[in-house]
There are 2 protein chains.
Amino acid sequence: MSDGNVMKILVATDLHVGYKEKDGERGKDSFLALEEVFTIAKERDVDFILLGGDLFHENKPSRKTLHRTMELFRKFCLGNRACHIEIVSDQAVNFGHTSSSVTCVNYEDPNINIKMPVFSIHGNHDDPTGAGELSAIDFLSVAGFLNHFGKPTSLEKIEISPILMQKGSTKLALYGLGSIRDERLHRLFLNKKVTFLRPSESADEWYNIFTIHQNRVKHGATNYIPEEFVEHFIDLVIWGHEHECLIKPQWNTQQSFHVMQPGSSVATSLCEAESKNKHVAVLTIDGRKMETDIIRLRTVRQMYVENVNLAESIRIKSPSREELERAARDYCNERVELLLMRAEDERSGHPKQPIKPLIRLRVDYSGGFESFNAYRFGAQFTDRVANPENIVHFLKKSQRTRSDDF
Amino acid sequence: MSDGNVMKILVATDLHVGYKEKDGERGKDSFLALEEVFTIAKERDVDFILLGGDLFHENKPSRKTLHRTMELFRKFCLGNRACHIEIVSDQAVNFGHTSSSVTCVNYEDPNINIKMPVFSIHGNHDDPTGAGELSAIDFLSVAGFLNHFGKPTSLEKIEISPILMQKGSTKLALYGLGSIRDERLHRLFLNKKVTFLRPSESADEWYNIFTIHQNRVKHGATNYIPEEFVEHFIDLVIWGHEHECLIKPQWNTQQSFHVMQPGSSVATSLCEAESKNKHVAVLTIDGRKMETDIIRLRTVRQMYVENVNLAESIRIKSPSREELERAARDYCNERVELLLMRAEDERSGHPKQPIKPLIRLRVDYSGGFESFNAYRFGAQFTDRVANPENIVHFLKKSQRTRSDDF
Ligand SMILES: [Mn+2]
Ligand SMILES: [Mn+2]
Ligand SMILES: [Mn+2]
Ligand SMILES: [Mn+2]
């Protein structure tokens, strides 16, 4: 039984539904994760799901991906279960920006029976474009399956109006800001053009969450949003867009708020940051007290990234070119075999977790070594590794990893 | 008050929503017609709307068109109003072909409140394609806004399973077949590969409607479906795809059934057939007795197509080339002015009917006349005609009109 004064919120972000949908092996990974998120929400009996953007991987999802996503939302969001959270802010302001037919939160629409509300901002992957400035998530919104909030209505001056939620004695002000080009938002913050509106009465009784989808890591002078830009009164920043799972709330002393970075639920880049286990969190908010319960996603495909330095690992007495190449290949082979054993050991136990892991060897071949045909190398692992075509990535010491677009 | 034994069905087809959506003048025409169809259905208090295919103009509708269509369906289909038609056939067979999440008619889904059910087959414009064999109307279907029926599950052998509907003492067997390439379907009929399944008991108590979306006009030996292919037991064929409004049921003596061809609700071709008034029909079925009420659509943009023969209309004594050209231009000008006056006289009176008509002069300039710059000619009517760029179409006697793709 859920306590009448306690809000429970499942937080996830960057589901990137439809990622690699045409890949016979990996095509369903993103959907599996979405299903798992819904399942956890149901099992934990949360009041709602909060998504931090990039629900869709493609700005224009394929017909199949959009349809499948709508199927899953229909299955998991529609049904009989009372929603105990009352919204006391102006709902037309909170949700009306995407369609004249959306004037309130979906569970207050008397024509749609919602058992699991979902609230989402948009990310850069599913940002509003084209005629009507619509996001792919607006199809879910107009179907009544999702509550799209935090869409900036101007790019010159941003006023962030919170969704004010009440459950018994607990009051939550939920702020959100859909993805904007980092440089632009950075400048708007610097020019004091970003305002957080606050409830006019008893402002200090509210627990304040801000959901954002921007670069948190500094990529350039203004190509990120410093945490210091976010106002002090916020209690918890939920940071989308960054795919590395740093979901344990980090305390920012200067700002005196927590930052939670859930990370993506599907890896879109074969890098170390994404090879960590993926998680979602359940927030329990009681008055102004918040606790987090971190839950590992168990259907996510395993991923291992290993750095290999050939010069440090291989000793050959009289190296011919052929011998060096063979030795490198044999060594990599051995590493992959070890990682495959490790993967077997470390399976989550979830029956739907895919068997084949993603494996990436970052092979430093400086010091006189030769690269070999990575494609032919991978071919022997076709039946055991999910990405045989690019297991090995050759680099020389000076090179740094570049991660894909989040 | 609707009689408990009488079914009322609004029939429309070929709405081609999204047609010319980027045209500043004509972009909204197709949406206006969809709204009008919904409004008539509401005013007439019909039990449901039956659509004959080509709801969408594009196989992949633009984001804006799909979103706007969903908005309109949400607005007009969701709400409080009991649906009195009971479906006694296997609904999983009738509707389950497009999604595992669709197992029954939308108004029986306890999670969606339907006030106006819509049933539709798909046309050639919105036919199922790509991964998952999905049609654009399946987005409406998975949202719970529309019941997609009549999708052939095989292209080798077609069994058409009717939706068996009952309202009091009236029984309706609704057969449907989504669009298939004409040559293929023609061959399947010839090879006895198309079967109409019938209720096992009291088959002769049912009123039988068949909804089809194919060429009715013979375009080639097998490039159409002869009415004679349709089984005798059918009482009414509703023929989509042909855009000319021939909505008054035509009696086929040989087959002893009626054929109703509603025609499109938006003109997609500047031809005579499409310039007629557009209509929808309300069928009233009481037992095996059916009556039709034909209703003109009053928001449809007016269209006039006139044949002009310059040699017959213009007399000049000593024709120079310039004089001939000027005379031709003056004459066409006069015709357009007359048609504009006629348009003003013939407005429907609906406040939303667009002011500017579509005008097409088919100018036969054989007999020594000269064509003139049609584009410059049209420019003077920019403020009064919806298609200034192509009012005049020059042809010589031998040429026949070719109509666009329906
Ligand atoms: Mn992102
Ligand atoms: Mn992302
Ligand atoms: Mn058609
Ligand atoms: Mn058509």
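No lab work stands behind these numbers, since they all come straight from the coordinates. This is a predicted model, so every value here is computed, not measured. Here the Cβ is made from the backbone with ideal geometry for all residues, glycine too, and neighbour counts use every protein chain on show.
Considering every residue in A:73-80, what mean count of other chain Cβ atoms within 10 Å of its Cβ is obtained?
Mean partner-chain Cβ count within 10 Å for A:73-80: 3.
Other chains near B:61-71: what is the mean number of their Cβ atoms within 10 Å of each residue's Cβ?
Counting Cβ atoms of other protein chains within 10 Å of each residue's Cβ and averaging gives 6.
Run the reach check for residue B:8 against lysines, Cα to Cα strictly under 17 Å, same-chain hits fewer than 8 apart removed. What comes back?
Qualifying lysines at Cα under 17 Å: B:42, B:115, B:167, B:171, B:248, B:289.
Can you work out the PRE-style zone for residue B:84? Point 7 Å along Cα to Cβ, and I want the residues of the stretch B:161-175 with backbone N under 18 Å.
Those under the cut-off are B:165-173.
Over chain B, what relative contact order in percent results from Cα pairs under 8 Å that are six or more residues apart? Could the numbers behind the result be given before it?
Details: 884 pairs, mean separation 59.8, N = 406.
Rounded, it is 15 percent for chain B.
Take residue B:289 and residue A:316, extend 7 Å from each Cα along the Cα→Cβ direction, and tell me the distance between the two endpoints in nm.
9.7 nm
For the stretch A:270-312 and the stretch B:1-35, what is the separation of their Cα centres, given in Å?
50 Å
Just want to confirm a number: the relative contact order over the stretch A:228-364, from Cα pairs under 8 angstrom separated by 6+ residues, in percent.
Relative contact order comes out at 21 percent.
Please find the FRET efficiency linking residue B:195 to residue B:296, where r is the Cβ-Cβ separation and R0 is fixed at 45 Å, and quote it to the nearest 0.05.
0.75
When a/c is below 1.5 the answer is rounded, else prolate if a/b is larger than b/c, else oblate, so apply that to the stretch B:80-186 with a ≥ b ≥ c taken from the square roots of the Cα gyration tensor eigenvalues.
The shape class here is oblate.
Please work out the FRET efficiency for the pair residue B:371 and residue B:276, using the Cβ-Cβ distance as r and a Förster radius of 22 Å; give the result to the nearest 0.05. Don't jump to the answer; show the numbers that get you there.
Details: r = 28 Å, r/R0 = 1.27.
The computed FRET efficiency comes out at 0.20.
Need the C-alpha centroid separation for the stretch B:188-258 versus the stretch A:224-245, integer Å.
A separation of 63 Å, based on Cα centres.
Taking Cα pairs under 8 Å and at least six residues apart, what relative contact order does the stretch B:222-283 come out at, in percent?
Over the stretch B:222-283, the number comes to 32 percent.
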